[in-house]
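Chemist: Mind looking over this structure? Questions follow.
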Amino acid sequence: MGESTTITTADGPFQAYVARPSAGGGAAVVVIQEICGVNQVMRDITDGLAGQGYLAICPDLFWRIEPGIQFTDKTEAEWKRAFELFNTFDVDAGVADIAATIDHIRADPACNDKVGAVGFCLGGLLAFLTATRTDVDASISYYGVGLESRVAEAEKLTRPLLMHIAEKDQFVPEAAQAIILQALKPHALIEAHTYPGCDHAFARPGSEHYDEKAARLAGGRSLEFFARNLA
């Protein structure tokens, strides 16, 4: 159900996957990729949001490294490549590209001017930074990595942020979670939920650590959050 669109920046153009709702216009949502690129998982999430009535867009944030990167997490070679990309990726440039994506989709005739963002893994970190650095209307962060070193940025937050944190996240140890929760949970604009017994990527079907019950709970909270803040 998706299509490709080109987003232009001062540094050059890049591609994004767009899925449109079956009828009418409304709010848009930027889907922020994991470390495996804009793969089938990310396109399925984007399509799913379109099925919920949102104009959804998933930008290729690895385009500065290599355009069109996409793979799974099913082999050791793919995991190695994913972490190479994670370590090479320029986070600040990525947030700038998300800001350009927000402007692009907000200008779409089908958008009602409201734009949300949802990110997973690396995208969970970027969703937090999108909330603090752009004019997005609402953001959702799923098991963001590296957030413990960025919590001071919450001072700049002016729009609602929803956070899903896996209590047994192998990439976000308990000490890091404690820093994140202590700094962010008291914030008036932040709603944070933790998921006992859940590991990283618990909300992604097909993941080694997929937890259907927790994924449904988080997904319901996310849809309610967007319904409330993007109306």
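Chemist: Using a basic spin-label model with each label point 7 Å from the Cα along Cα→Cβ, how many nm lie between ARG216 and ALA96?
Modeler: According to this spin-label approximation, the distance is 4.4 nm.
Chemist: With viscosity set to 1.567 mPa s and temperature to 4 °C, compute the Stokes-Einstein D of region 44-121, Rh being the Kirkwood radius across alpha carbon pairs; µm²/s, no decimals.
Modeler: Details: Rh = 14.3 Å.
Taking Rh from Cα pairs, D becomes 91 µm²/s.
Chemist: If I model a spin label at GLN40 and SER149 as a point 7 Å from the Cα along the Cα→Cβ vector, what separation in nanometres do I get?
Modeler: Using points 7 Å along Cα→Cβ, the separation is 3.4 nm.
Chemist: Does region 97-147 come out rounded, prolate or oblate by the C-alpha gyration tensor, with a ≥ b ≥ c the root eigenvalues, rounded set by a/c under 1.5 and, if not, prolate when a/b is larger than b/c and oblate if not?
Modeler: prolate
Chemist: Computed FRET efficiency, Cβ-Cβ of ASP113 and THR194, R0 41 Å: what is it to the nearest 0.05?
Modeler: Working: r = 33 Å, r/R0 = 0.81.
So the FRET efficiency works out to roughly 0.80.
Chemist: For region 2-229, what log10 I(q)/I(0) values come out of the Debye formula at q = 0.14, 0.16 1/Å, with one point per alpha carbon and no solvent?
Modeler: Ignoring solvent entirely, the Cα scatterers give -0.82, -1.11.
Chemist: Check which residues have an amide H placed less than 5 Å from GLU191's amide H, if you skip close sequence neighbours.
Modeler: HN-HN under 5 Å from GLU191: LEU161, LEU162, MET163.
Chemist: Using a simple charge model, +1 on the beta-carbon of Lys and Arg, -1 on the beta-carbon of Asp and Glu, nothing else, what dipole does region 2-229 show about its Cα centre, in debye to the nearest 20?
Modeler: Rounded to the nearest 20 debye, it is 480 debye.
Chemist: As I understand it, the dipole of the chain uses +1 on the Cβ of Lys and Arg and -1 on the Cβ of Asp and Glu, about the Cα centre. Which of CYS36, ILE190, PHE202 lies farthest toward its positive end?
Modeler: The Cα lying farthest towards the positive end belongs to ILE190.
Chemist: Rank these for me by crowding, ILE57, ILE69, going from fewest to most other beta carbons within 10 Å. Walk me through the numbers on the way to the answer.
Modeler: Numbers: ILE57 28, ILE69 19.
Ranked by crowding around the Cβ, least crowded first: ILE69, ILE57.
Chemist: Note down the relative contact order for the chain as a percent, whole number, built from C-alpha pairs under 8 angstrom at least six residues apart. If you can, show how the numbers build up before the last one.
Modeler: Numbers: 475 pairs, mean separation 35.9, N = 231.
Reported relative contact order: 16 percent.
Chemist: Still on this structure, I have one more. Divide by every residue of the chain the summed helix terms, -39500 (n - 2.57) for each DSSP H run of at least 4, and state the resulting mean residue ellipticity at 222 nm, rounded to the nearest 500 deg cm²/dmol.
Modeler: Calculated at 222 nm, the ellipticity per residue is -11500 deg cm²/dmol.
Chemist: Positive end of the dipole of the chain, charges at C-beta (+1 Lys, Arg; -1 Asp, Glu), about the Cα centre: which of PHE89, TYR17, GLY53 has its Cα farthest in that direction?
Modeler: GLY53
Chemist: Starting from the Cα-Cα distance between THR158 and GLN15, subtract it from 0.36 nm times their residue separation and give me the gain in nm to one decimal.
Modeler: 48.6 nm
Chemist: Can you give the % of DSSP beta bridges in the chain that are antiparallel, to the nearest 5?
Modeler: 35 percent
Chemist: Going down the table (LYS185/LYS213; LYS74/LYS156; LYS74/LYS185), which pairs top 28 Å between alpha carbons? Don't skip to the answer; put the middle values down first.
Modeler: Details: LYS185/LYS213 23 Å; LYS74/LYS156 38 Å; LYS74/LYS185 34 Å.
Check vs 28 Å cut-off fails for LYS74/LYS156; LYS74/LYS185.
A short reminder: the numbers here are calculations on the coordinates, not readings from a lab. Here the structure is a predicted model, which is why all the values come from computation and not from measurement. As a convention, Cβ positions derive from the backbone with ideal geometry for all residues, glycine included, and neighbour counts pool all protein chains shown.
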